[in-house]
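Take this structure first; my questions come after.
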Amino acid sequence: MTTHRTTEDRTERVEGVEVRPVAGHIGAEITGVDLAKPLDDGVVALIRQAVLRWKVVFFRGQELDHAGHIAVARRFGEPVVLPRRGPHSPPGFPEIETTADRLELAGRYGMERDEWLHRRRHTLLRGWHCDYGARVDPPAATILRAETVPPYGGDTTWANLAAAYAGLSAPVRAFVDGLRAEHRLGVGYQPRPVDDGYAHRLLDHQVVSVHPLVRVHPETGERVLFVNGYYVEEIVGLSRPESTAILEMLVEQAVRPEYTVRFRWEPGSVAFWDNRATIHLAPGDHTHVGSPRIMHRVMLAGDVPVGVDGTPSEPVTGTEAGRW
């Protein structure tokens, strides 16, 4: 049985800094911290424990530039350097990816953004994902900073996968503890009926790993329901109908409202989440507003997930631990 007991009593206390939970199982806002200034060890320890306990923490009114963003990330781990980024990501800062580069993929392959998103998210659960979940070593955490946001719309929602696992009945927990699943880039993408350049790109740059369906968190020891709607292809050893039904049940469990938190972005907002214990849903409600949404993220290098039985994830193709 997994609970939050391993993390809830360890939060450091720092004068002038407050951690305010914003939902029952996930999410806290941290006040009294200026991320643009050097962080002392006590503040770093407080933030780290808050992330482990609440899975995602929020800061508002921050005045971070790119260098400051990277400096904050380095206090918590090793930033990932992506080998390829788009034209919107800032030159000279290879650790930072600007999210507009991801959305530009649609136009690069002859589609409007809404059509591209529809083909990727054709069911309610498809958009839920962790960052780079098809890799054998997904990032440990992500720090996302808002530069420009629309006047309304554009919120992000996160779900707590440890709470979702703990909320399963004991027989179901025992069943899923021993299962493994294939995670594949572009699962469920519905190609155009004519030649589809994006579908060809997915095939030419395939990334596949086999992960435990329940991973053990390397810092808290919690059991985490390692599922999402975007990367998980099928459960190894089950028939396709069995796998589909079980995965749908588990992802629906993960995103039940009581396990989620929704964050309203403002310029200068920062979200810092544990990518090992959450999935999140990027917004799809703001494009018609006609205002830009410019976000910058830094991801921290992660380890290879390990299952309840101690068996690590396995790379299948297109991924190698520690090599981006």
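The values are calculated or read from the model by the stated rules, or taken from the named source; none is laboratory data. Keep in mind it's a predicted model, so treat the numbers as computed, not measured. For neighbour counting, all protein chains shown are included, and Cβ atoms are generated from backbone atoms with ideal geometry for every residue, glycine included. Areas reflect the complete protein model, heavy atoms only, side chains present, ligands, DNA and RNA absent. Shrake-Rupley method; radii C 1.70, N 1.55, O 1.52, S 1.80 Å.
Residue 315 passes all but one of (1) over 25 Å from residue 168 (Cα atoms); (2) open to solvent by 10 Å² or more (accessible area, probe 1.4 Å); (3) not in a strand (DSSP E or B); which number fails?
(3)
Looking at the structure I just gave you, is residue 155 in contact (Cβ under 8 Å) with a residue 24 or more places away in the chain, within 29 Å of residue 79 (Cα to Cα) and open to solvent by less than 10 Å² (accessible area, probe 1.4 Å)?
Answer is no for this residue.
Under 9 Å between Cβ atoms, at least 6 apart or on separate chains: pull out the pairs that start in the stretch 115-142 with a residue that is in a helix (DSSP H, G or I) and end on any residue that is of a type in the set (A, V, I, L, M, F, W, C) and modelled with pLDDT under 70.
Within 9 Å, the pairs are 115/106; 116/103; 116/105; 116/106; 117/103; 117/106.
Now, a different point. Sort out for me the strands (runs of 3 or more DSSP E) sitting completely within the stretch 207-282 that have 3 or more residues that are modelled with pLDDT of 95 or more.
Of the strands (runs of 3 or more DSSP E) lying wholly inside the stretch 207-282, those with at least 3 residues that are modelled with pLDDT of 95 or more span 208-212, 214-216, 223-225, 260-263, 270-274, 278-281.
A further question follows. Would you be able to tell me the number of residues in the stretch 297-312 that are touching a strand residue (DSSP E or B) at 6+ places or on another chain (Cβ under 6 Å) and open to solvent by 10 Å² or more (accessible area, probe 1.4 Å)?
Of the residues in that region, 5 qualify.
Only one of 145, 201 is of a type in the set (D, E, K, R), under 27 Å from residue 298 (Cα atoms) and buried (at least 23 other Cβ atoms within 10 Å of the Cβ); which?
Matching residue, one of 145, 201: 145.
Next question. Can you tell me how many residues in the stretch 292-310 are in a strand (DSSP E or B) and within 20 Å of residue 99 (Cβ to Cβ)?
The total comes to 7.
Something else now. Looking only at the stretch 165-178, which residues are touching a residue at least 60 places away in the same chain (Cβ under 8 Å) and either of a type in the set (A, V, I, L, M) or not in a loop (DSSP other than H, G, I, E, B) (or both)?
Listed by number, the residues that qualify are 165, 166, 168, 170, 173, 176.
Check the stretch 237-257 and report whether any residue there is among the hydrophobic types (A, V, I, L, M, F, W, C), under 20 Å from residue 19 (Cβ atoms) and either in contact (Cβ under 8 Å) with a residue 12 or more places away in the chain or open to solvent by less than 10 Å² (accessible area, probe 1.4 Å) (or both).
No, there is no match, as no residue in the stretch 237-257 is among the hydrophobic types (A, V, I, L, M, F, W, C), under 20 Å from residue 19 (Cβ atoms) and either in contact (Cβ under 8 Å) with a residue 12 or more places away in the chain or open to solvent by less than 10 Å² (accessible area, probe 1.4 Å) (or both).
Would you mind stating whether residue 194 is open to solvent by 60 Å² or more (accessible area, probe 1.4 Å), among the β-branched types (Val, Ile, Thr) and assigned to a loop (DSSP other than H, G, I, E, B)?
yes
Would you check which residues across the stretch 62-82 are open to solvent by 20 Å² or more (accessible area, probe 1.4 Å), part of a helix (DSSP H, G or I) and of a type in the set (A, V, I, L, M, F, W, C) and list them?
Hits for the stretch 62-82 are 67, 71.
Within the group 162, 146, which residue is touching a Ser or Thr at 6+ places or on another chain (Cβ under 7 Å) and either part of a helix (DSSP H, G or I) or under 21 Å from residue 257 (Cα atoms) (or both)?
The conditions single out 162.
Answer yes or no: is there a residue in the stretch 167-186 that is modelled with pLDDT under 95 and crowded, with 22+ Cβ neighbours inside 10 Å.
Yes, that holds for at least one residue.
A follow-up question, please. Identify all residues within the stretch 30-61 that are touching a strand residue (DSSP E or B) at 6+ places or on another chain (Cβ under 6 Å), open to solvent by 20 Å² or more (accessible area, probe 1.4 Å) and under 21 Å from residue 77 (Cα atoms); write none if there are none.
Selection gives 54 alone.
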